[in-house]
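> I'd like to ask you about the structure that follows.
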Amino acid sequence: MEQVNSLENIISINKDGKYVFDLTKYNQSATFEVLKNIKVDLLLIGFNKNTSLSFNISDNSFCQVKFLIENEEKTINLQGNLNENSTFNLYFADYCKENTTVKSNINLLKNNSNTNVYFTSLAKGTNLKNYDISFNHEVGYTTSNFEGYGVAMDDSFIKINGVSHIKENAIKSEAHQKVKCLLFDEKSRAIANPILKIDCDDIIASHACAIGSLNNDHIFYLLSRGLSLEEARRLIIMGYLLPIKDYFDEEDKNKIVNYVEGDF
Amino acid sequence: MKKLVIKDLHVEVEGQEILKGINLEVSEGEKVALLGPNGHGKSTLFNAIMGNPRYKITKGEIFLDGENVLEMDVPTRSKKGLFLCFQNPSEIPGVNSADFLKAAINEHSEKRVSLYQFYKILDQATKEVKIPFEMFNRSLNDGFSGGEKKRNEILQMLLLNPSIAMLDEIDSGLDVDAINIVSDCINKQFEEKHTGFLIISHYARLFELIKPTRSVVIVNGKVACEGGPEIYKRIDKEGYEWIKDEYGINIEKEEQPMNKVSIGVCATKEYVKNGTSK
């Protein structure tokens, strides 16, 4: 299974499977080495205020990491290094009651490596949710997808920076970013910068961003079928915050549903 | 038998008067073909009846079975038996179709339907409109083709069983097979439930399949003429020019403002400069 060098907190995983790591055992700092030709699904728990993680994904391996961010203020710094034919997927379900900062830098180092980063964030009170997600396409035939959904309530603020850098010679690479934020109250705010830096030809890239209050056409459509305004708003907000639950196991899925339904 | 009565209806959209005194009645058990040139107020009429807040009613009255529709909020209009099949149904990402339909059915029922009952009803309806059942695990209209969206509208009509259904160009974007499916559903709903229909279409093909009992033509925001099926057949052959000759109505042309953004112009710069893309 996994081998842990406790001095340096390097965790080597050499077998397929689902793993749960309690970060309190690693002083909130760990490097995960996912060895060749394996498929792993990691759930990380026990975050404290500051967490620093690094993932090295070897050739032909698949690694999926899920973060259910709860309770007190959190800062997560994360780095990923991807090798040939590897896949690295990150899912952040952020229902933390206080501020959250996620800084992620993913390096696509070898051909046919690909990564998907998906987050959902619910900001309330005076919360600041800060997502800084960057991708470096160092070589060709690499793919990155970034998708984020935020709902800002009260006086909260959601700030999202996405940078996809397709470097020279990274031909045939693909980079996509899609960010949507819903402002629930008059004082709620959101800023999103889905940035593409492209230094070579023959690539595919897209970026999209939508920030605003509830869409009146959507509301009218739902009301016209007899739904009350409260129910219509609830369904639309669920549509932002709930789909991420499908990536989580049953216990966390229920937690996510409870967090969302508890608020709406 | 429920009756929708529209009296001297005037409606504005963004300060421009579109409907200028519509008088119209439709009862359960009637199929009314609603025709007229583009931009003359047909869709505006449907949106105003359903209560779309973008459409401001400046004068007139609407009654459903004697009750004042204009005093009802949108969900109440739906629960009282009005239904609008949208010309361009909204795509609502993330809102699960099945969850939405279940919520809509519950709003229309005295008792909440069980999950088992709901799936039974939905299964039956999907077979009638020939949409794969699995599509209802997807987001509402999100990624649906034009034809799938229209059939989804018809499916909702079947599930909610309205007294008066307004179908806004339900045949646009449908292939021949889909038009047959949709018209079969309309005819079945009419025969079995006696739903009253107001149906906008620009093509006689749909009308030939559903056989409207009446035709009404809206020109310049008013009802220009009414009659039997001969009217939609004549419009299909001759267009609207004969209305000008026979009724002395000058048909206003739809004004299309010149789009400032054209090839070679950066749309983003235009937007920033003018605050609008038009």
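> From the list B:102, B:111, which residue is open to solvent by 10 Å² or more (accessible area, probe 1.4 Å), within 29 Å of residue A:242 (Cα to Cα) and within 14 Å of chain A (Cβ to nearest Cβ)? Talk me through it step by step, then tell me what you get.
Working: B:111 fails: within 14 Å of chain A (Cβ to nearest Cβ).
Answer to the selection: B:102.
> Check off (1) under 30 Å from residue A:239 (Cβ atoms); (2) free of Cβ contacts under 8 Å to residues at least 60 places away in the same chain for residue A:149 and give me the number that stays unchecked.
Going through the list (1) under 30 Å from residue A:239 (Cβ atoms); (2) free of Cβ contacts under 8 Å to residues at least 60 places away in the same chain, residue A:149 breaks only (2).
> Within region B:226-278, which helices (runs of 4 or more DSSP H) (wholly inside it) include 1 or more residues that are acidic (Asp, Glu) and modelled with pLDDT under 80?
Result: B:267-274.
> Inspect region A:54-75 for any residue being open to solvent by 50 Å² or more (accessible area, probe 1.4 Å), among the acidic types (Asp, Glu) and in contact (Cβ under 8 Å) with a residue 24 or more places away in the chain and give the result as yes or no.
Among the residues of region A:54-75, at least one is open to solvent by 50 Å² or more (accessible area, probe 1.4 Å), among the acidic types (Asp, Glu) and in contact (Cβ under 8 Å) with a residue 24 or more places away in the chain, which makes the answer yes.
Residue by residue, here is whether (1) part of a loop (DSSP other than H, G, I, E, B); (2) out of contact with any Ser or Thr (no Cβ under 8 Å at 6 or more places or on another chain); (3) within 9 Å of chain A (Cβ to nearest Cβ) holds:
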site: B:56; (1), (2), (3): no, yes, no
site: B:61; (1), (2), (3): no, yes, no
site: B:70; (1), (2), (3): no, yes, no
site: B:78; (1), (2), (3): no, no, yes
site: B:87; (1), (2), (3): yes, no, no
site: B:90; (1), (2), (3): yes, yes, yes
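> State yes or no: is residue A:201 of a type in the set (Asp, Glu) and in contact (Cβ under 8 Å) with a residue 40 or more places away in the chain?
no
> Which number in (1) farther than 29 Å from residue A:42 by Cα; (2) more than 14 Å from chain B (Cβ to nearest Cβ); (3) in contact with a Leu (Cβ under 9 Å, 6 or more places away or on another chain); (4) open to solvent by less than 30 Å² (accessible area, probe 1.4 Å) marks the one condition that residue A:200 misses?
(3)
> Tell me which of these residue B:23 doesn't satisfy, since it passes every other one: (1) more than 15 Å from the chain's Cα centre (by Cα); (2) in a helix (DSSP H, G or I).
With (1) more than 15 Å from the chain's Cα centre (by Cα); (2) in a helix (DSSP H, G or I) applied to residue B:23, the lone miss is (2).
> While we're here: Please specify each residue of region A:245-264 satisfying the condition of being in contact with a Leu (Cβ under 8 Å, 6 or more places away or on another chain) and free of Cβ contacts under 8 Å to residues at least 24 places away in the same chain.
Just the residues of region A:245-264 that are in contact with a Leu (Cβ under 8 Å, 6 or more places away or on another chain), to begin with: A:248-249, A:252, A:255-257, A:259-260, A:263.
Correct list: A:257 only.
> Among B:83, B:46, which is the only one that is within 13 Å of the chain's Cα centre (by Cα), assigned to a strand (DSSP E or B) and either within 11 Å of another protein chain (Cβ to nearest Cβ) or not charged (D, E, K, R) (or both)?
B:83
> Assigned to a strand (DSSP E or B) and within 14 Å of another protein chain (Cβ to nearest Cβ): is that true of residue B:95 in this structure?
Spelling it out, residue B:95 is indeed assigned to a strand (DSSP E or B) and within 14 Å of another protein chain (Cβ to nearest Cβ).
> Turning to a different aspect of this structure: Being out of contact with any Phe, Trp or Tyr (no Cβ under 6 Å at 6 or more places or on another chain) and within 20 Å of residue A:96 (Cβ to Cβ) is the filter here, so list the residues in region A:31-68 that pass it. Spell out how you get there, then give the answer.
First, the residues of region A:31-68 that are out of contact with any Phe, Trp or Tyr (no Cβ under 6 Å at 6 or more places or on another chain): A:31, A:33-38, A:40-41, A:43, A:45-54, A:56, A:58-62, A:64-65, A:68.
If the condition is that a residue be out of contact with any Phe, Trp or Tyr (no Cβ under 6 Å at 6 or more places or on another chain) and within 20 Å of residue A:96 (Cβ to Cβ), then A:43, A:45, A:46, A:47, A:48, A:49, A:50, A:51, A:52, A:53, A:65, A:68 are the ones that fit.
> Can you tell me how many residues within region A:204-235 are in contact with a helix residue (DSSP H, G or I) (Cβ under 8 Å, 6 or more places away or on another chain) and touching a residue at least 40 places away in the same chain (Cβ under 8 Å)?
0
> Can you give me the number of residues within region A:230-256 that are part of a helix (DSSP H, G or I) and facing chain B (nearest Cβ under 8 Å)?
7
The values are calculated or read from the model by the stated rules, or taken from the named source; none is laboratory data. None of the values given here were measured: they were computed from a predicted structure. All Cβ positions, even for glycine, are placed from backbone atoms using ideal geometry, and neighbour counts span all protein chains on display. The area values use the complete protein model at the heavy-atom level, side chains included, leaving out ligands, DNA and RNA. Shrake-Rupley method; radii C 1.70, N 1.55, O 1.52, S 1.80 Å.
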